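Here is the structure we will look at.
The values are calculated or read from the model by the stated rules, or taken from the named source; none is laboratory data. Everything numeric in this text was worked out from a predicted model, so none of it was measured. For neighbour counting, all protein chains shown are included, and Cβ atoms are generated from backbone atoms with ideal geometry for every residue, glycine included. Just the protein is used for accessible areas: all its heavy atoms, side chains included, with ligands, DNA and RNA removed. Shrake-Rupley method; radii C 1.70, N 1.55, O 1.52, S 1.80 Å.
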Amino acid sequence: MNTAVATPMASIDRSVISIDDTITFTVRVSGTGSFKGPDLNSIYIDFEVLGNRQSSRHTIRNGVSESWTEWIITLAPKRKGRLTIPSIAVNGKKTEPISVIVRASPPISAGAVKPVYLESEVDSNSIYVQQQIIFTLRIFQSITLDNMNLTEPEFDDALMEKLGQNSYQRKIQNTPYRVHELQYAIFPQKTGSLIIPELVFTATEAVARRSVFSLPGQGRTLRQMSEQHKIEVLPPPIDIKTGIWLPAKDIQLTEKWSRLPDDIRVGDSITRTISVTAISLLDSQLPPFNFPSIPGAKLYPDQGNTESSVSAQGVTSSRSGSIAIIPTVAGTLLLPEIRFNWWDTNSKQNRTAVIASRELTIKPALQNTQGASTPLAVDHSQANTVSKITSDSTSNSSRLWQIISAGLALAWAITLLLWWRGARFAAPSLVPSTKSGGLLSEHTAFSRLSSACKSNEINEVRAACIEWANNYWHEYTINNLQDVQRCSDDEELAKELSQLDNSLYGTESSQHSWNGEQLLLAVSRIRKDGPKKSENSQQTLPPLYSS
């Protein structure tokens, strides 16, 4: 019985095919359990179903388990044009429809049809420098081959990414062929002419055994070469905007916050993540984010990260950068706009991706209500009230209260004198014993913090960090991570504590991805430098922000 039903996902290996080609249609359902096979009745309108097989997998990666079931379906189009693979139902849920462009088969002369031959093409013969070009190579075989080998394209002035390899069937002049299709994304780094060289394919024709007792035969060796392609590489247009040259099909900018930025107070930490996604660009082409300083806030940016993926349409890359923002003053905090100027290779014009400027309303920090001043004032007022009422009622009772008050005052003065004398004479012997005990406790607390950081136990790290800080700065009372920041006055530690705080209250994925290595390095460096000596004996924390 199915225990975890998810929305099924559908995909195809190619979106543009010939009328005589086959296409692989895959339906995947994530989760565990048994699933009823997809209902394929609606597919028969435009396609023939040549094969259908099912597979199930379960993987564990970085401690996260994942299970899914797939149906791999081989389809053949019934007509040319833009066809649609309709929504397919699996266990009551449906996939999204997918469009397929079916073209006429390329004309082939009778003399060109061989048991084995190559075909190659590029999506453009003229591009700009650093623009993506897709090179496609197809190997056709109508006979069984062994020991197949193909040389790879190599370039001195271009970067290359292999997009993938697909195999399918195509019928040519009533002869079925097995087609192996390979695609490459090429990014020329120099203007002028780019030569895509001929690729050499070699194989051995397989020969069937004459009998079960004979050894496997080896037929003739076959060798085929692909066509050479010459690409014109143009310099950037003269009207390009100043800045980094980014020729892409599309670029999008997005932002994400660790929490809604509508209730922020002075001293709060909130993380803003900016991401840029580019179609047909390498991740190395995307520049890192530059976060300028903002009046009224402290900023702690991270190093950011990049990702890339490949498909039949080429390379899609992304870069993200996060910055922890800690407001220092109440009022309006202005975040400047972020923009990326890029060149649209489809329309051949300048475009700009923008995240507009934004104003955040910063509220004053919450006042510390701890302390005994208010209760003492209330008690004193109540005592005066009682004393006044009592004195109005009878003079004898008033005189009695005066005697009691005088006695209490004398006792308090004697107690204060004895405490002062005891502290004065005991002070020299208390200093070394306090330091010795504190160091032993600090070592234990640091060991616990180190163990929690190395195992990336984010919930244990917070408590261990506060425990260590109380033992390291034992003259202060530390209750939270913000107190640790104020004690250390260290930018690197503040940055790591802000990221820890954001991960603790962020999404589940952010908690799993948090790594304690940098936090442990910052704490170890502070221990090596030694604690800063306080300039006075008051048991209060230094201010978080200097005025």
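Filtered by the rule that a residue be closer than 30 Å to TYR184 by Cα and either of a type in the set (Gly, Ala, Ser) or assigned to a loop (DSSP other than H, G, I, E, B) (or both), the stretch 262-301 gives SER275, ALA278, SER280, LEU281, LEU282, SER284, LEU286, PRO287, PRO288, PHE289.
Within the stretch 302-324, can you find the residues that are touching a Phe, Trp or Tyr at 6+ places or on another chain (Cβ under 8 Å) and crowded, with 18+ Cβ neighbours inside 10 Å?
Across the stretch 302-324, the qualifying residues are ARG319, GLY321, ILE323, ALA324.
Comparison of ILE17, ILE108 shows that the only residue that is within 30 Å of ILE231 (Cβ to Cβ), at pLDDT below 90 and open to solvent by less than 60 Å² (accessible area, probe 1.4 Å) is ILE108. In the stretch 493-501, the condition of being hydroxyl-bearing (Ser, Thr, Tyr) and either modelled with pLDDT under 85 or at positive phi (or both) is met by at least one residue. Residues in the stretch 165-205 that are among the small types (Gly, Ala, Ser) and open to solvent by 30 Å² or more (accessible area, probe 1.4 Å): 3 in all. Being assigned to a helix (DSSP H, G or I), at pLDDT 80 or above, among the aliphatic types (A, V, I, L, M) and over 27 Å from LEU260 (Cα atoms) is a description that applies to ILE526. One residue stands out in the stretch 23-32 among those that are open to solvent by less than 10 Å² (accessible area, probe 1.4 Å) and not aromatic (Phe, Trp, Tyr): the one that is farthest from the chain's Cα centre (by Cα), namely ILE23. Reported count of residues in the stretch 317-342, each being outside any strand (DSSP E or B) and within 16 Å of GLU255 (Cα to Cα), is 2. Inside the stretch 65-80, can you point out the residues that are of a type in the set (D, E, K, R) and over 33 Å from the mean Cα position of the chain (by Cα)? Result: LYS78, ARG79, LYS80.
Taking the listed residues ILE127, ILE101, the one that is out of contact with any Ser or Thr (no Cβ under 6 Å at 6 or more places or on another chain), within 29 Å of LYS348 (Cβ to Cβ) and open to solvent by 20 Å² or more (accessible area, probe 1.4 Å) is ILE101, with no other qualifying. The requirement of being without any contact (Cβ under 8 Å) to a residue 12 or more places away in the chain, assigned to a loop (DSSP other than H, G, I, E, B) and not charged (D, E, K, R) is fulfilled nowhere in the stretch 142-154; no residue meets it. In the set PHE47, PHE35, PHE25, only one residue is among the aromatic types (Phe, Trp, Tyr) and farther than 22 Å from TYR168 by Cα; that residue is PHE35.
Tallying residues that are open to solvent by 20 Å² or more (accessible area, probe 1.4 Å), of a type in the set (A, V, I, L, M, F, W, C) and under 23 Å from ASN290 (Cβ atoms) within the stretch 239-274 yields 5.
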